[in-house]
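Q: This is the structure I have questions about; it appears just below.
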Amino acid sequence: MTTQRGAAGRDEPTPAALRAATARGLQEQFPGVRVWFGEATGSWWAMVPMRTGPRLVEAPTPQELREELMSLRSRG
């Protein structure tokens, strides 16, 4: 994980590194789902494999994306 020097002089993860770690965590929780943060849109995205074909999902926060993925998983 990339770090930057924080105000207290400690190394802290960069925002990009935090977003990458969040995306990895969601992908681990939802195998087969590809997750990323859209730099241009400022949104969180996921490509979800479905029986009817892949579905693109957008959410403003990783928490809301997780909720949407949970909802899709429960619908099958």
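The values are calculated or read from the model by the stated rules, or taken from the named source; none is laboratory data. The shown structure was predicted, so the numbers you read here are calculated from the model rather than taken from an experiment. Using ideal geometry, Cβ is built from the backbone for each residue, glycine included, and neighbour counts are taken over all protein chains shown. Surface accessibility is based on the protein's heavy atoms, side chains included, excluding ligands, DNA and RNA. Shrake-Rupley method; radii C 1.70, N 1.55, O 1.52, S 1.80 Å.
Q: What is the percent carbon and sulfur in the accessible area of the chain, measuring with a 1.4 Å probe over the protein chains and ignoring ligands?
A: Exposed carbon and sulfur together represent 52 percent of the surface.
Q: For n ≥ 4 DSSP H runs only, could you compute -39500 (n - 2.57) per run for the chain, divide by its residues and tell me the 222 nm figure to the nearest 500?
A: -12500 deg cm²/dmol
Q: Further question: Can you give me the distance in nm between label points at Thr61 and Arg10, each placed 7 Å from the Cα along the Cα-to-Cβ direction?
A: Placing both labels 7 Å along Cα→Cβ, they lie 2.4 nm apart.
Q: Can you give the charge dipole size of the chain about its Cα centre, rounded to the nearest 20 debye, using +1 on the beta carbon of Lys and Arg and -1 on the beta carbon of Asp and Glu?
A: 260
Q: Any idea how far apart Leu72 and Ser43 come out in nm if each label point goes 7 Å out from Cα toward Cβ?
A: Result: 1.2 nm between the two label points.
Q: Using a 1.4 angstrom probe, figure out how much accessible area the chain has per residue, in square angstrom, rounded to the nearest whole.
A: On the way: 5100 Å² over 76 residues.
Dividing the accessible area of the chain by its residue count gives 67 Å².
Q: Work out, step by step, the length gained on full extension between Met50 and Arg24: first 0.36 nm times the residue separation, then minus their alpha carbon distance; give nm to one decimal.
A: Here the answer is 7.4 nm.
Q: Students often check this: by mean Cβ neighbours within 10 Å, which of 14-21, 62-69 ranks highest, and how do the rest follow?
A: With the highest mean Cβ count within 10 Å placed first, the list reads 62-69, 14-21.
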